[in-house]
Amino acid sequence: MHLLAVLLAAAFQAVPSPSPAASAPPSPAATAPASPSPLSASVTAVALQPGASQTITIANGAQPITATLDNVVAAVTIDQNAHTVTLTAGQQPGRATLTITDGSGASIALPVRVAFLAATIPQSVTLRVTGDAPDSAWLQAQVRRAVLQQLALQPGVSPKNVQFAAYAVPQPFAPGAQAAIPVNVTVPGADTYLDAAATVNVTLQNVASNAFESPVLLYDDDPEKIVSNGVLFRGQIARGTPARLYYYHQNMDAPRRLLVVLSPLSDRALSIVQVVDASAGPNIDVMSVGHAVTRDFLVRKPHNQGVLIDLAAPLAIDDFPVMQPLDGAAGSIGLNVTNGGPVSVTVLAMPVDATAADIAAALNGPQLPGDGHHRTGMFDISNFAQTALAYTIGSDDVSVEYGAATPPAAAQQSGHDYGEYGVIRTVTFDITNPGTDPASIYLFERPLGGVVRSSFMVNGQLIELGCARLSNRYQIGSPISAPPGTSHVVVQTMTDGGSNYPLELGVTATPPAAATPAMTAPDGCFPPATSTSRAHAGP
């Protein structure tokens, strides 16, 4: 019994728990305290207009926070509880470095700039256009121009540097239509100003308006070559007597700015002016400038494609911000005062950095002396340059020469417009086909004065010719099928600034040269052997 008890006691004795396994030493990476985040600010730089404030939030900084400027362009305020630093700019532009230091000695440096915005950008602009079918490219250009006219640029900021994001205009855009167009505009400030950026809400309207004819031509080509700044031309237009301004100038030395400015002559009533504008330049290729003016005016004028301007103060309707030496600029502008008092039109040459105040002062300055050629003045074009020619197929060709006469003066003056610049010449060919079948006839031009380019509206369709030099006949457009009996072909054209005249325009049954030669061909305008000879610089 004693032995049994001993055995049972041994059997039921508790087995001790195994010793716990030795644990691996903790990883240094898991147990090391995290490094504190570096001192940081909510901005990397500060740009302020004079008098404006900006609050900077400081992160991970130990109190107390201090902040100092190495150039006192702003006042500094610190909120220790909110961990913020506020800068309030003074009234003078300048640059500085803001150094922010916390209680541990950590610091950060932020560049600070106090400057004016490069421009004041309007929130909204209303643009009223006219025309039976204004095209989209022209509409986009008018939107840009309307916004530019309303920008208040700082001195030294060129309109040429203003940037426009892409925007769309409605098509078609018939009279009576209206559209809202958001336009994103940026005016870079460079090193002097802060960039200005905003969205301008443009309200675009097409106002139904009757086309107008201009009985008066204001001709400005004296001095043709700009050698000093000031008033190049000054004229007036009044309600009930529309006028056309044709100007042509070439800059000769220092870079310049060329402007065409409309100014109300009375401060008692708003003047409303319809402007049909075809201007081009600046470009050292003066023939291309003159050609673009003619082409665009011939297209826009019949469709009454223009803008309506509320004129309460001087306004630049054309502005060439930078004309380099030898650059040319020109324009043909229909002007119609539809309401209000008379308006002055002034062509100005100004320094590139001219301010609005400089331009306003120059408007009242004396007119620059002429160059002795007397290509300037006011002319009566109401019944000028209109020709009707009868042509019977099988008989002699018929033609007319143009570009050598001057329209009659509209006022007592000594100026002239030999070359008919700014004049629309209309030639109506009355065609008689005595046969029983249609017959092919051809319109042609023949240079008589030297190098020339041309644009023609033939029965309302634009036809452009390349450069011609020799006195050969060159075909204008496609052959014309003349039906039996009587028909009419109406041709409208204008002389190109930079080209040479006179020019012969006619109709024939004999096919002329189908096209003008290549520019550098032996019979072209500027063959290699005579590449140094160029057309004269102006009309």
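Summary table below
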| read-out | value |
| --- | --- |
| Matching option when the condition is β-branched (Val, Ile, Thr), in contact with a Lys or Arg (Cβ under 9 Å, 6 or more places away or on another chain) and in a strand (DSSP E or B), among Val507, Val491, Val427, Val423 | Val491 |
| Residue match in region 353-371 (condition: out of contact with any helix residue (DSSP H, G or I) (no Cβ under 9 Å at 6 or more places or on another chain), buried (at least 22 other Cβ atoms within 10 Å of the Cβ), within 29 Å of Gly156 (Cβ to Cβ) and touching a residue at least 12 places away in the same chain (Cβ under 8 Å)) | no |
| Test: residue in region 321-330 that is closer than 27 Å to Ala133 by Cα, surrounded by 22 or more Cβ atoms within 10 Å (Cβ to Cβ) and touching a helix residue (DSSP H, G or I) at 6+ places or on another chain (Cβ under 6 Å) | yes |
| Only one of Ala179, Ala197 that is within 28 Å of Gln92 (Cα to Cα) and in a strand (DSSP E or B) | Ala197 |
| Count of residues meeting criterion [of a type outside the set (A, V, I, L, M) and either part of a strand (DSSP E or B) or free of Cβ contacts under 8 Å to residues at least 40 places away in the same chain (or both)] in region 118-134 | 5 |
| Check on Thr68, of a type in the set (Ser, Thr, Tyr), touching a residue at least 40 places away in the same chain (Cβ under 8 Å) and either assigned to a loop (DSSP other than H, G, I, E, B) or surrounded by fewer than 16 Cβ atoms within 10 Å (Cβ to Cβ) (or both) | no |
| Of residues in region 440-464 being open to solvent by less than 20 Å² (accessible area, probe 1.4 Å) and over 34 Å from the mean Cα position of the chain (by Cα), the one nearest to Met287 (Cα to Cα) | Phe444 |
| Any hit, region 361-381, residues being within 25 Å of Asn459 (Cα to Cα), at pLDDT 95 or above and assigned to a loop (DSSP other than H, G, I, E, B) | yes |
| Residue list for region 83-115, filter: among the hydrophobic types (A, V, I, L, M, F, W, C) and open to solvent by less than 50 Å² (accessible area, probe 1.4 Å) | Val85, Leu87, Ala89, Ala96, Leu98, Ile100, Ala106, Ile108, Leu110, Val112, Val114, Ala115 |
| Residue under evaluation Val200, criteria (1) surrounded by fewer than 21 Cβ atoms within 10 Å (Cβ to Cβ); (2) within 19 Å of the chain's Cα centre (by Cα), criterion not met | (1) |
| Test: Ile317 is more than 19 Å from Gln492 (Cα to Cα), part of a strand (DSSP E or B), of a type in the set (Val, Ile, Thr) and open to solvent by 20 Å² or more (accessible area, probe 1.4 Å) | no |
| Unique residue being within 18 Å of the chain's Cα centre (by Cα) and more than 23 Å from Ser209 (Cα to Cα) when the list is Ser266, Ser288 | Ser288 |
| Residue under evaluation Glu224, criteria (1) closer than 26 Å to Gly372 by Cα; (2) acidic (Asp, Glu); (3) surrounded by fewer than 22 Cβ atoms within 10 Å (Cβ to Cβ), criterion not met | (3) |
| Cβ pairs under 6 Å, 6+ apart, first in region 191-218 and closer than 30 Å to Ser158 by Cα, second at pLDDT below 95 and outside any strand (DSSP E or B) | Tyr193/Gln154 |
| From the options Ala165, Ala146, residue that is farther than 30 Å from Thr88 by Cα, open to solvent by 20 Å² or more (accessible area, probe 1.4 Å) and not basic (Lys, Arg) | Ala165 |
| Residue in region 220-233 that is at positive phi, at pLDDT 95 or above, not hydroxyl-bearing (Ser, Thr, Tyr) and not in a loop (DSSP other than H, G, I, E, B) present | yes |
| Pairs, first closer than 22 Å to Ala349 by Cβ in region 259-270, second crowded, with 18+ Cβ neighbours inside 10 Å and small (Gly, Ala, Ser), C-beta under 6 Å, six or more apart | Leu259/Ala316; Val261/Ala316 |
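The values are calculated or read from the model by the stated rules, or taken from the named source; none is laboratory data. Since the model is a prediction, treat every value here as computed from it, not as a measurement. A quick note on method: Cβ atoms are made from the backbone with ideal geometry, for glycine too, and the neighbour counts reach across all protein chains shown. Keep in mind that these areas ignore ligands, DNA and RNA; they rest on the heavy atoms of the full protein, side chains included. Shrake-Rupley method; radii C 1.70, N 1.55, O 1.52, S 1.80 Å.
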